[in-house]
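J.: Pasting in a structure now, in structure tokens, and then I'll have a few things to ask.
The values are calculated or read from the model by the stated rules, or taken from the named source; none is laboratory data. Note that the structure is a prediction, hence the values are computed from the model and not measured. Positions of Cβ are generated from backbone atoms using ideal geometry, with glycine treated the same way; all protein chains shown enter the neighbour counts. The protein model used for the area step is the full one, side chains on, heavy atoms only, and it has no ligands, DNA or RNA in it. Shrake-Rupley method; radii C 1.70, N 1.55, O 1.52, S 1.80 Å.
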Amino acid sequence: MPLSELPEVTERCQTPRGELQLQRRGRHFELISNGTFLMATYNGDSGRALIRSALQNHYSPRRVLIGGLGVGFSLAEALLDPEVDRVTVVEIEPLVIRWYREYFCQHSRNSLEDPRTRLIQADLVEWIGQAKESFDVISLDIDNGPDWTVVESNRGLYTENGIQRLKRLLAPDGIISFWSASPADAFKNRLESFFRVETIAVPHFSGSPDYLFLARA
């Protein structure tokens, strides 16, 4: 774990959603949004578990939707499953896509170049309201969780209306997995109005676990 090394700022940029900062610790990178730590290339256990737990609980997960590219751990994990035919990744921030290609790809097997990957640069909240396709597995890792969204508009994903829109995109027997840095009890209760929900706690090196919600109709 490179936390003993002081971070060096690689880039700091203003976007329509505020400031994004990329910093390096040794050979690793950290992504900071408006002063809040989002993710790093050295702590992807829960991001991998997010997609792996959903795939393992589906009998034939051929079509996968991932909300958020990040450093690419969820995408890389999805592509390890031989059942998967197509992974659609929706990422709002062009800067994150560029940083992936320049810095993160070496940590996640350059997964954007896999022929099964389809990358869409769009706002996921808007995109799910317009999409006409269906998915066996949907995994959302675009925030620090329902209680700690990166941008205000993302709150819509965790409302009853947002959950209904996501459910509309699920194929029969589909599964949705959500990532959260907190237990998010209010969101879990809301989700249980639409799905059977399983909560998985993933140990974290900082002490407090991350949480995954698996939702099945």
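J.: Between 158, 103, 59, which gets the highest mean-square fluctuation from a Gaussian network model of the chain, Cα cutoff 10 Å?
T.: Among 158, 103, 59, the largest GNM mean-square fluctuation belongs to 59.
J.: Amide H to amide H under 5 Å from residue 86: which residues, 5+ apart in sequence or cross-chain, H placed 1.01 Å off N in plane?
T.: 64
J.: Which ³J(HN,Hα) values, rounded to whole Hz and listed in residue order, are derived for the range 84-99 from phi using the Karplus coefficients 6.51, -1.76 and 1.60 in 6.51 cos²θ - 1.76 cosθ + 1.60 with θ = phi - 60°, glycine and proline given as x?
T.: Result, rounded to whole Hz: 6, 9, 8, 10, 9, 10, 10, 10, 6, 9, x, 5, 5, 5, 5, 5.
J.: Probe 1.4 Å, all protein chains in place: accessible area of residue 96 in Å², nearest 10?
T.: Roll a 1.4 Å probe over it and residue 96 shows about 10 Å².
J.: Relative to the longest principal axis of the C-alpha atoms of the chain, give the angle of the C-alpha long axis of helix 45-56, reported between 0 and 90° and rounded to the nearest 10°.
T.: Tilt of helix 45-56: around 20 degrees.
J.: Taking θ = phi - 60°, what integer Hz values does the Karplus form 6.51 cos²θ - 1.76 cosθ + 1.60 yield along the range 128-137, in sequence order, with x for Gly and Pro?
T.: The phi angles translate into 5, x, 10, 4, 10, 9, 9, 9, 7, 9 Hz.
J.: Which trypsin sites (Lys or Arg not before Pro) does the range 1-58 hold that lie in a coil by DSSP with at most 13 other beta carbons within 10 Å?
T.: Details: sites: 12, 17, 24, 25, 27, 48, 52; in loops: 17, 27.
Passing both the DSSP loop test and the Cβ count: 27.
J.: Run through the range 162-212 and list the chymotrypsin sites (Phe, Trp or Tyr not before Pro) located in a DSSP loop whose Cβ has at most 10 other Cβ atoms within 10 Å. The partial results should precede the final answer.
T.: Values: sites: 178, 179, 187, 194, 195, 205, 211; in loops: 194, 195, 205.
Sites meeting the loop and neighbour criteria: 205.
J.: With the Cα gyration tensor of the chain in hand, convert its eigenvalues to equivalent ellipsoid semi-axes via √(5λ) and list them largest first in whole Å. Spell out each step's value before the answer.
T.: Details: eigenvalues 134, 71, 60 Å².
The equivalent ellipsoid of the chain has semi-axes of 26, 19, 17 Å.
J.: Continuing with the same structure: Would you kindly state the longest site-free stretch of the chain, with sites defined as GluC sites (Glu not before Pro) in a DSSP loop (not H, G, I, E, B) surrounded by at most 16 other Cβ atoms within 10 Å? Provide the component values of the computation, followed by the final result.
T.: Numbers: sites that count: 5, 83, 133, 192.
Segment 6-82 is the longest.
J.: Given the -39500 (n - 2.57) contribution per DSSP H run of 4+ residues, what per-residue ellipticity at 222 nm results for the chain, rounded to the nearest 500 deg cm²/dmol? Numbers along the way, then the final one.
T.: On the way: 6 runs with 48 residues, N = 217.
When only DSSP H runs of four or more count, the value is -6000 deg cm²/dmol.
J.: At q = 0.14, 0.15, 0.16 Å⁻¹, what base-10 log of I(q)/I(0) does the Debye formula yield for the range 14-139 when every alpha carbon is treated as an equal point scatterer in vacuo?
T.: Normalising to I(0) and taking log10 leaves -0.60, -0.69, -0.78.
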